[in-house]
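The values are calculated or read from the model by the stated rules, or taken from the named source; none is laboratory data. Given the structure is predicted, the values throughout are model-derived calculations rather than measurements. Here the Cβ positions follow ideal geometry from the backbone for every residue, glycine too, while neighbour counts run over all protein chains shown. Note: areas computed on protein heavy atoms with side chains; ligands, DNA, RNA excluded. Shrake-Rupley method; radii C 1.70, N 1.55, O 1.52, S 1.80 Å.
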Amino acid sequence: MQKIFSKPESLKDVPMSYCPGCGHGIIHRLIAECIDELGIREKTIAVAPVGCAVFAYDYFNFDTTEAPHGRPPAVATGIKRANPDKFVFTYQGDGDIAAIGMAETIHAANRGENITIIFVNNANYGMTGGQMAPTTLIGQKTDTTPFGRDPKREGYPIHLCELLATLEGTTYLERVSIYNPQNIIKAKKAIKKAFQCQLDGKGFSLVEVISNCPVDWGMTTLESIKWTEETFIKTFPLGVVKDRS
Amino acid sequence: MSKKELVKGNIALCEGAIAAGVKAYFGYPITPQNEVPSYMSRKMVELGRVFIQAESELAAANMVLGAAVSGARAMTSSSSPGISLKQEAISYMAGMQLPALIVNVQRGGPGLGNIAGAQSDYFQAVKGGGHGDYRVIVLAPNSAQEMYEMAYDAFDLAEKYRTPVMILSDGVVGQMMEPVEFNRPGKKEFEPKDWCLNGCKGREPLSVQSLLMQEGALEQHNIKLQAKYKTIEQNEVKIETYKTEDAKVIIVAYGISSRIAKSAVKLARKEGIKAGLLRPKTLWPFPSEAITALAKNGVKFLAVELSHGQMVEDVRLAVNGKCPVEFLGKAGGGIVTEQEIVQKLRS
């Protein structure tokens with residue numbers, strides 16, 4: 001019998017600790033598939049964030065390290081500058097990349113660091129129990145916005161791709177989602193393109209993946225998928241934000 | 001090739017690190033260490049090595065972490081307020097067991113303080129600084145020559161123990177010009193490391209991290225770190241003594257204070273006061289045993305610092321009540337003078 005579907009070599013054969021219905025597992029798999037297909041597993045060094053994906057190093061089957069909260073772009077800068085021949089990417093959540101780590105994000109992008117960031121936007125801090133993130137939607141209830149995010153009190157959701165697009169240093173920025181198979185295929189294409197951008201030495205690439213967090217959103221998996229499609233991506237429209245690759 | 005030049009302490013430090021083969025420097029402007037990023041921005045680029053002026057001290061220290069995790073010799077420098085920001089990455093590097101060099105050319109505090117030399121960051125440097133149960137090796141140069149030599153030696157020390165090393169200098173030593181003999185060979189070959197991340201070609205993937213969530217794992221990790229610190233304490237204490245053999249009053253001073261203290265000992269000896277000097281060249285590990293050995297009846301100690309009394313606490317711990325320990329110091333820009341020390345020795 002011919003085997004037509006298997007686990008990517010870049011993923012370890014271990015159970016993941018993510019909640020049922022969470023998008024991280026799918027995104028991990030897409031990254032692993034891209035790394036396998038590009039044949040770069042043995043030259044990859046990945047940086048995990050603080051947040052749910054801190055456990056990424058238990059799941060990826062290539063060299064990984066960690067960074068203090070928000071600092072993956074600085075850590076990746078250090079790795080890549082000292083080792084320009086290696087493939088370096090960070091995996092970061094919305095709080096990590098756009099709140100505590102905004103300075104590191106903007107400056108790594110502005111320097112045009114030849115690294116790739118996979119930015120998982122699920123509109124809340126998942127690991128700590130669903131607090132407001134910089135990307136939390138207006139009116140969205142979280143652990144720390146019990147009355148819904150009010151712009152007068154908490155400001156507005158940050159559109160990171162659009163913000164980074166204004167910087168000369170950025171090369172490729174795309175926002176994708178994974179709420180249905182069609183979008184999962186698009187997400188994989190974007191990730192692969194971002195990786196290729198780095199391999200070609202073209203500079204800073206970032207893919208923002210709109211993902212779901214059913215447990216902290218207080219929804220079933222199906223409800224979270226529906227909310228992503230009907231509400232979440234209305235605030236964060238999908239598509240290529242910048243492509244100079 | 002050995003050559004002698006009149007340079008600032010901060011420049012001597014750069015040359016020491018360059019000779020040791022530092023591959024990447026990450027910095028941020030702050031006085032009184034600005035000569036370091038300025039000099040490195042030219043030299044490192046000319047040498048085809050890495051220089052980045054980071055967006056913050058936080059970022060610079062985390063860039064060091066990234067370069068270090070790949071096995072590259074990496075360093076950053078700053079002055080007191082900037083070192084506070086670097087503590088985050090220093091704690092992580094201690095936990096991840098990453099070798100790196102962090103240089104503090106101390107200035108006055110607390111807060112923004114001023115830009116004059118000071119020694120008020122002793123607690124921060126030797127007691128941990130960041131969160132968690134860890135130590136960094138702390139070297140205390142007192143001349144431009146030692147800025148060169150300690151920067152050169154720091155990387156070997158850091159790699160030997162897989163730990164961050166801090167050079168705790170001060171604005172005076174950093175800024176003053178002295179003849180420096182650049183007498184160390186340029187390094188090209190380093191010991192191979194089996195822990196660093198360089199891609200998993202031909203081996204199982206590695207993960208270098210400080211997060212240890214499995215039951216008991218962090219406890220075991222901490223026991224391992226403490227055992228390492230014990231070894232460092234046994235092997236790496238360095239001191240200089242001056243006329244301590246017959247001394248009735250022994251000054252303990254490091255960095256710029258030790259230079260002043262040495263002059264004070266000479267002046268006091270002329271007056272017939274049997275003074276001596278014990279200078280810690282390593283602040284952690286602290287020379288507790290050497291101090292304990294000198295703590296006898298009829299002897300007293302005097303700690304001299306550009307602070308309001310930080311290192312003196314470790315002197316008292318080492319003396320353990322066996323003889324008196326006094327203190328002389330000031331902070332905020334003032335320098336303790338030879339005459340002030342001699343006056344204290346007379347009392």
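In table form, for the structure just shown:
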| item | result |
| --- | --- |
| Protein accessible surface hidden between B and A, which excludes ligands and nucleic acids, total in Å², probe 1.4 Å | 2600 Å² |
| Shielding by partners, peptide B:51-64 (average Cβ within 10 angstrom, other chains) | 6 |
| Value of relative contact order over the range B:150-259, rounded to a whole percent, pairs C-alpha under 8 Å and six or more apart | 27 percent |
| Theoretical FRET efficiency, 1/(1+(r/R0)^6), r = Cβ-Cβ of residue B:127 and residue A:168, R0 41 Å, to 0.05 | 0.40 |
| Antiparallel content of DSSP bridges confined to the range B:4-235, in %, to 5 | 25 percent |
| Summed residue charge, Cβ within 15 Å of residue A:147's Cβ, Lys/Arg positive, Asp/Glu negative | +1 |
| FRET E, pair residue B:45, residue A:9, Förster distance 35 Å, beta-carbon r, rounded to 0.05 | 0.35 |
| Other-chain or far-sequence residues with amide H under 5 Å of residue B:240's (modelled H) | B:279, B:281 |
| Per-residue [θ]222 nm for the protein assembly as shown (sum of -39500 (n - 2.57) over DSSP H runs n ≥ 4, rounded to 500) | -11000 deg cm²/dmol |
| Residue among B:293, B:220, B:242 farthest towards the positive dipole end of the protein assembly as shown, charges placed on Cβ | B:242 |
| Extent along principal axes [Cα atoms of the range A:23-243; Å; largest to smallest] | 49, 33, 30 |
| Sequence ranges B:163-173, B:299-309, B:227-237, A:191-201, ranked by mean other-Cβ count within 10 angstrom, highest first | B:163-173, B:299-309, A:191-201, B:227-237 |
| Over 19 Å (Cα to Cα) - which of B:248/B:296; A:202/A:242; B:187/B:238; B:274/B:344; B:86/B:238; B:86/B:193 fall in this group | B:187/B:238; B:86/B:238; B:86/B:193 |
| Stokes-Einstein diffusion coefficient of the range B:1-159, Kirkwood radius over Cα pairs, 20 °C, 1.002 mPa s, in µm²/s | 139 µm²/s |
| Segment residue A:202-residue A:150, length gained on full extension (0.36 nm per residue, minus Cα span) | 14.8 nm |
| Rough spin-label spacing in nm, given labels placed 7 Å along Cα→Cβ, for residue B:221 and residue A:235 | 3.4 nm |
| Whole-Å distance, taken between Cα centres, linking the range B:219-240 and the range B:257-301 | 25 Å |
| DSSP beta bridge pairing in the protein assembly as shown, given as percent antiparallel to the nearest 5 | 25 percent |
| Bridge type composition, the range A:23-243 - antiparallel percent by DSSP, nearest 5 | 20 percent |
| Sequence ranges B:320-331, B:9-20, A:126-137, ranked by mean other-Cβ count within 10 angstrom, highest first | B:9-20, A:126-137, B:320-331 |
| Placed amide H near residue B:116: partners under 5 Å, 5+ positions off or other chain | B:108 |
| Residue A:177 long-range amide H proximity, modeled H, under 5 Å | A:187, A:210 |
| Share of alpha-carbon pairs per 10 Å distance bin for the range A:1-132, given as whole % | 12, 43, 33, 9, 2, 0 |
| Dimensions (Å) - chain B, Cα atoms, principal axes, largest first | 69, 49, 40 |
| Alpha carbon centroid spacing (whole Å) that separates the range B:327-347 from the range A:54-118 | 49 Å |
| Computed over the protein assembly as shown, Kirkwood Rh from alpha-carbon pairs, angstrom | 25.7 Å |
| Average other protein chain Cβ within 10 Å of Cβ, residues B:195-206 | 6 |
| Two-site label geometry, residue B:233 and residue B:156: point separation in nm, points 7 Å out along Cα→Cβ | 2.5 nm |
| Spherically averaged projected area in nm², based on the convex hull that wraps the Cα atoms of the range B:239-346 | 5.9 nm² |
| Shielding by other protein chains, A:83-90, mean Cβ within 10 Å | 3 |
| The range B:4-235 - accessible surface per residue (Å², probe 1.4 Å) | 38 Å² |
| Mean Cα-pair separation over length for the range B:4-235, i.e. relative contact order, pairs under 8 Å, 6 or more apart, % | 26 percent |
| The range B:175-329 - convex hull of alpha carbons, volume per residue in Å³ | 209 Å³ |
| Full-extension gain in nm, residue B:317 to residue B:270, via 0.36 nm per residue minus C-alpha separation | 13.8 nm |
